[in-house]
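Working notes for the structure below.
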There are 2 protein chains.
Amino acid sequence: MTRQGLVKQLAIENNTKMVLLVMDGLGDLPGKDGKTALEKAHTPNFDRLTQSSVLGMTVPVAIGITPGSGPGHLGLFGYDPIKNLIGRGVLEALGIDMELGSSDVAARGNFAAMDDNGIIVDRRAGRLSTEENQKLCAMMSDRIKKIGNAEVIIRSVKEHRFVVVFRGEGLCGDIADTDPQKTGVKALNVQPLKQDAAGTAKLVDEFVKQTNEILKRSRPANTVLLRGFAQYPDIPKFGEINKVRAAAIANYPMYRGLARLVGMEVVPTGDTIESEFETLLENWDKYDFFYLHIKKTDSYGEDGNRDGKAHIIEEVDGRLPELLELKPDVLVVGSDHSTPAPLKGHSWHPSPLLLLSKYIVSDNSKRFTERNCASGGLGIMSAKDVIPLMLANALRLKKFGA
Amino acid sequence: MTRQGLVKQLAIENNTKMVLLVMDGLGDLPGKDGKTALEKAHTPNFDRLTQSSVLGMTVPVAIGITPGSGPGHLGLFGYDPIKNLIGRGVLEALGIDMELGSSDVAARGNFAAMDDNGIIVDRRAGRLSTEENQKLCAMMSDRIKKIGNAEVIIRSVKEHRFVVVFRGEGLCGDIADTDPQKTGVKALNVQPLKQDAAGTAKLVDEFVKQTNEILKRSRPANTVLLRGFAQYPDIPKFGEINKVRAAAIANYPMYRGLARLVGMEVVPTGDTIESEFETLLENWDKYDFFYLHIKKTDSYGEDGNRDGKAHIIEEVDGRLPELLELKPDVLVVGSDHSTPAPLKGHSWHPSPLLLLSKYIVSDNSKRFTERNCASGGLGIMSAKDVIPLMLANALRLKKFGA
């Protein structure tokens, strides 16, 4: 029996409320002053909360492994992120808020430049402008609506990137990339990776041919390279496993998409942190479980901007009182991965975790920081254990065995 | 190779002595005064012992999972408690000190009440007295000795509960419950869950018919409901895996039964903690490994009585000097699960663990408490790693690989 199978077998419903507050990329490394963003931020509300909570660290995938947003979130949602891979095409579609059906095949596309002999000379067509990209996508969408029995949906992302989705019965996403990943060679032929994908590969091949025809007078973007063909992973629904009505509140499309992918209900919200907390308050009575996603801790981490990151932490700190007034039975503050400012990117470091419930032995830590979390009472745990731990603290798991 | 397979391959014999002192349900949550039972208890001997020991926490099954006594103990004995399930019928038989053979099929029975149409009106027959229960079991035992080639053994437990064991060649325990788990419906028919169980199901069906005949004039207990049909799990013997002569000392039948199930030798002992320690002293020369079980930390936890739990801890504390005088090479004090007084039941919380051996780096902790264990040098480990850790500290595991 899998970890999740065990949880599914033991989970029961009750009236408790749980909040999983994800501060994306929260974990940090010390700057020149020796302080991380969490250590630098002025957080009176987190400080008070920490004193009645228990701290720990979560390892997103495995020690040393830096996760993308997909595996980072799947782990935190209780799924094995190694067994439940989300293909790049699907992730790219989720990132622009496209809703995918279970048999859709999605791929990421690059506009690229080739010479008269079909040799790729620039894989990104000079990183054309997003505006130009949108124009080309509109032109393609206008001329390619359907290939065979499959609907073809083309959506601009930005610069040289777009998404193409093939929608129809019996499609199969096991198709090799056409992107050769280098210049000076031709684009690769469309190849099915297994027998079932032969039909879909023909459609994709036809798509490439039509696209080349449409783009033939466009400069420099006169062809496309496709990669990351993928379909929705067939994963069990979060609500069914954990017996909860789960709401997702996120103002970035990728995270709405990831929540939708596991079957959470995505509640519309605004662009600000304030609006996300307001949405939580407004929907408090309608759900048992809330996933609330804060993006900008990660964005500032990616920019190497520790002060910006600390400022976002302070902004979330300012919203805590209204969240705590709701008296959630279980509150977890955590992250899908670390995005240390000095690394300007995702990292492998475990993520700080805070758990508040009636049934904990508190650490007596005074601040929610990486250092205190590393010696916290929860220890260093796998991210996939967060949901079972939340359910346990909500008294939503029956005893295992007699 | 499994974890246990690796240990089996590396285990060697020597003259060291190991003690696993299990204080059932030891882990606690803070009461209104902020203290757990361990924090509250006056334990000069544990305090002294702690200063030369290393502390840690054990997760019985997996994070968030509350184990029953079966999985809790199997984990602590080094078995995977998810793969080695003990059925309720077997556990119930162990709980009244019945010795089971490997092909016996055991089930838990309820005396129940049905109306003239066979509709169950009370699943517990008004929770009849244990005395009445004993009378009915005696009557049934008197009239049903054998069905087909199988011996039938009926034993009273208490109130409405009894155990029935079918003993014979080729029996199979994969049989569905007859207990419908609700009133207003008939008892379920006896159904084999696989082909091999068809013959056994017929015997059980005949047992139910004969029982109904015997009980037909009894009020209110005029029928029986059966559930948890089970056979002994086929698990490797503790002594063979770990190369030890293992003795179990426990004054509650369930724990003697669990020890017998893994192949430990059960040494007779008295009803008190004092008598258990005396038994250990008397048998010191005869075995390498001692499992000593203290029940009442759990019992008081189940009652929500933290003071009672603290008092039992103090009583064990008083016996520690005589145990330490034996100079065990390895002493572990731990637990199968937590039973926090505020929860009045088993819980998912990791269990405090203490390890004394010549080969440790001590924590310099001054008290054996949940908080100190959570930051102890052993970290938060899986309960199934306790036995390998004990063997290692007893220098009973060879090097792995060259």
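The values are calculated or read from the model by the stated rules, or taken from the named source; none is laboratory data. Keep in mind the model is a prediction, meaning the values are calculated, not measured. FYI the Cβ positions are ideal-geometry reconstructions off the backbone, even for glycines, and counts take in every protein chain you see.
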key: Residue pairs meeting the criteria (Cβ under 9 Å; at least 6 apart or on separate chains; first assigned by TED's automatic domain parsing to the domain that holds A:V7, in segment A:223-242; second assigned to a strand (DSSP E or B) and of a type in the set (D, E))   = A:G239/A:E265
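Hey, which of the helices (runs of 4 or more DSSP H) in segment A:26-95, taking only ones fully inside, have at least 1 residues that are closer than 21 Å to B:I380 by Cα?
Answer list for segment A:26-95: A:44-51, A:69-76.
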message = Please go through segment B:229-259 and give me each residue that is surrounded by 17 or more Cβ atoms within 10 Å (Cβ to Cβ) and basic (K, R), ordered by number.
response = B:K243, B:R256
task = Kindly provide the set of residues from segment B:151-195 that are more than 24 Å from B:N222 (Cα to Cα) and crowded, with 17+ Cβ neighbours inside 10 Å, ordered by number.
result = B:R167, B:G168, B:L171, B:C172, B:G173, B:D174, B:P192
Sole exception among (1) closer than 18 Å to A:N393 by Cβ; (2) within 13 Å of chain B (Cβ to nearest Cβ) for A:Q9, by number = (1)
ask   = Can you name the condition, by its number, that B:E265 falls short on among (1) in contact with a helix residue (DSSP H, G or I) (Cβ under 7 Å, 6 or more places away or on another chain); (2) closer than 21 Å to B:L91 by Cβ; (3) at pLDDT 95 or above; (4) not assigned by TED's automatic domain parsing to the domain that holds B:G168?
value = (1)
message = Quick check on B:G126: is it farther than 26 Å from B:Q191 by Cα, touching a residue at least 12 places away in the same chain (Cβ under 8 Å) and not in a helix (DSSP H, G or I)?
response = yes
ask   = Inside segment B:41-64, can you point out the residues that are touching a residue at least 24 places away in the same chain (Cβ under 8 Å) and within 13 Å of chain A (Cβ to nearest Cβ)?
value = B:L55, B:G56, B:M57, B:T58, B:V59, B:P60, B:V61, B:I63, B:G64
remark   = Matching residues in segment A:370-402 (more than 20 Å from A:Q4 (Cβ to Cβ), of a type outside the set (A, V, I, L, M, F, W, C) and surrounded by fewer than 24 Cβ atoms within 10 Å (Cβ to Cβ)) number 5
inquiry  = For segment B:145-200, give me the residue count where each residue is under 21 Å from B:L128 (Cβ atoms), assigned to a loop (DSSP other than H, G, I, E, B) and among the charged types (D, E, K, R).
reply    = 4
key: Residue count, segment B:74-103 (criterion: of a type in the set (D, E), within 22 Å of B:Y252 (Cα to Cα) and more than 10 Å from chain A (Cβ to nearest Cβ))   = 2
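So that you can scan it fast, the table gives a plain yes or no per residue for (1) touching a Cys at 6+ places or on another chain (Cβ under 7 Å); (2) modelled with pLDDT under 95; (3) within 25 Å of A:N393 (Cα to Cα):
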residue	(1), (2), (3)
B:I273	no, no, no
B:N283	no, no, no
B:G301	no, no, yes
B:D307	no, no, yes
B:W348	no, no, yes
B:P352	yes, no, yes
task = Please list, ordered by first then second residue, the pairs with beta carbon atoms under 8 Å, 6 or more apart or interchain, first in segment B:377-402 and on the phi > 0 side of the Ramachandran plot and touching a residue at least 40 places away in the same chain (Cβ under 8 Å), second among the aliphatic types (A, V, I, L, M) and outside any loop (DSSP other than H, G, I, E, B).
result = B:G379/A:I380; B:G379/B:M57
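Select from segment A:346-369 the residues that are of a type in the set (S, T, Y) and without any contact (Cβ under 8 Å) to a residue 40 or more places away in the chain and write down the one among them that is surrounded by the most Cβ atoms within 10 Å (Cβ to Cβ). Before you say what the answer is, go through the steps one by one.
Start the filter on segment A:346-369 by keeping residues that are of a type in the set (S, T, Y), which leaves A:347, A:351, A:357, A:359, A:362, A:365, A:369.
Still in the running and without any contact (Cβ under 8 Å) to a residue 40 or more places away in the chain: A:357, A:359.
Values: A:S357: 21, A:Y359: 19.
Of everything passing the filter in segment A:346-369, A:S357 is surrounded by the most Cβ atoms within 10 Å (Cβ to Cβ).
Quick one: in segment B:270-312, of everything that is among the polar types (S, T, N, Q) and more than 17 Å from the chain's Cα centre (by Cα), which residue is surrounded by the fewest Cβ atoms within 10 Å (Cβ to Cβ)?
Residues of segment B:270-312 among the polar types (S, T, N, Q): B:272, B:275, B:279, B:283, B:297, B:299, B:305.
Of the ones still in play, those that are also more than 17 Å from the chain's Cα centre (by Cα) are B:272, B:275, B:279, B:283, B:305.
On the way: B:T272: 12, B:S275: 14, B:T279: 20, B:N283: 16, B:N305: 16.
Looking at residues that are among the polar types (S, T, N, Q) and more than 17 Å from the chain's Cα centre (by Cα), I get B:T272.
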Condition broken by A:V330, with the remaining ones in (1) of a type in the set (A, V, I, L, M); (2) surrounded by 23 or more Cβ atoms within 10 Å (Cβ to Cβ); (3) under 22 Å from the mean Cα position of the chain (by Cα) satisfied = (3)
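Return a yes/no flag: does segment B:136-157 have any residue that is away from chain A (no Cβ under 14 Å), out of contact with any strand residue (DSSP E or B) (no Cβ under 9 Å at 6 or more places or on another chain) and modelled with pLDDT under 95. Let's see the steps before the verdict.
Within segment B:136-157, the subset away from chain A (no Cβ under 14 Å) is B:136-156.
Next, from what is left, pick out any that are out of contact with any strand residue (DSSP E or B) (no Cβ under 9 Å at 6 or more places or on another chain): B:139, B:142-143, B:148-149.
From the residues that got through so far, the ones that are modelled with pLDDT under 95 too are B:148-149.
Yes, that holds for at least one residue.
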note = Among helices (runs of 4 or more DSSP H) entirely within segment B:303-402, at least 3 residues that are more than 20 Å from B:Y255 (Cβ to Cβ) and within 14 Å of chain A (Cβ to nearest Cβ) occur in B:370-374
Residues of segment A:67-85 satisfying the condition of being in contact with a Leu (Cβ under 9 Å, 6 or more places away or on another chain) and hydroxyl-bearing (S, T, Y) = A:S69
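Step by step: first the residues of segment B:68-119, then only those that are β-branched (V, I, T) and surrounded by fewer than 24 Cβ atoms within 10 Å (Cβ to Cβ), then the one that is nearest to the chain's Cα centre (by Cα). Which residue is that? Can you show your working first?
Initially, segment B:68-119 is screened for residues β-branched (V, I, T), giving B:82, B:86, B:90, B:96, B:105, B:119.
Cutting the leftovers down to surrounded by fewer than 24 Cβ atoms within 10 Å (Cβ to Cβ) gives us B:82, B:96, B:119.
Numbers: B:I82: 15, B:I96: 12, B:I119: 35 Å.
Per the stated criteria, the residue is B:I96.
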